[in-house]
1. At 7 Å along the Cα-to-beta-carbon direction for both residue 83 and residue 121, put a label point, then send me their distance in nm to one decimal.
2. Give me the one-decimal nm value for the distance between modelled label points at residue 93 and residue 33, 7 Å along each residue's Cα-to-Cβ direction.
3. If a/c stays under 1.5 just call it rounded; otherwise compare a/b with b/c (prolate if a/b is bigger, oblate if not). Do that for region 37-80, with a ≥ b ≥ c from the square roots of the Cα gyration tensor eigenvalues.
4. Say each of residue 50 and residue 101 gets a label point 7 Å from the Cα, pointing the same way as Cα to Cβ; how far apart are those two points in nm?
5. Relative to the present Cα-Cα distance, how much length would full extension add between residue 73 and residue 42 at 0.36 nm per residue of separation?
6. Can you tell me how region 79-125 classifies by the Cα gyration tensor, rounded, prolate or oblate, using a/c under 1.5 as the rounded cut?
7. Remind me, what semi-axes does region 28-119 give for its equivalent ellipsoid, largest first in whole Å, using sqrt of 5 times each Cα gyration tensor eigenvalue?
């Protein structure tokens with residue numbers, strides 16, 4: 001009986017320590033995630049680090065020379081360029097004043113969105129080019145006429 005009590009005490013101690021360790025690690029992980037989110041949202045360095053992390057994912061399409069401000073309210077962008085198969089857009093300066101936390105409730109609230117010196121170039125798609133070629137070919141038939149006497 002004495003051995004059973006000793007084994008039960010050991011098991012209880014191990015379970016409590018394991019639970020405490022697991023709870024501590026989970027708490028540490030959640031706290032770190034919240035701290036990182038607050039840092040990214042409320043500081044300019046956080047915004048710049050977020051762009052540095054995201055930019056390799058969109059480097060073929062979106063380029064930004066300079067980004068400043070804070071993600072939680074107003075963002076300033078200098079020399080933004082966007083390239084797609086349909087258009088090229090270059091914007092000298094842009095600013096966004098918004099409420100990103102409203103996205104959690106399914107709403108997009110923008111107080112102010114400004115652009116200066118916007119250059120938009122539309123591209124002709126391959127489909128449009130092919131249709132134009134077909135159209136040109138369609139209207140360029142040659143007819144030969146012979147006289148019959």
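Rule-based calculations on the coordinates, nothing more; no lab input. Source: prediction; values computed, not measured. Note that each Cβ is placed from the backbone with ideal geometry, even for glycine, and that neighbours are counted across all protein chains shown.
1. Here the modelled spin labels are 1.0 nm apart.
2. Using points 7 Å along Cα→Cβ, the separation is 4.0 nm.
3. Working: a/c = 2.73, a/b = 1.51, b/c = 1.82.
Oblate, because a/c is 1.5 or more while a/b does not exceed b/c.
4. That separation, rounded to one decimal, is 1.4 nm.
5. Working: separation 31, 0.36 × 31 = 11.16 nm, distance 0.87 nm.
Full-extension gain reported as 10.3 nm.
6. On the way: a/c = 3.78, a/b = 1.81, b/c = 2.09.
Cα axes put region 79-125 in the oblate bin.
7. On the way: eigenvalues 128, 53, 32 Å².
After diagonalising the Cα gyration tensor, the semi-axes are 25, 16, 13 Å.
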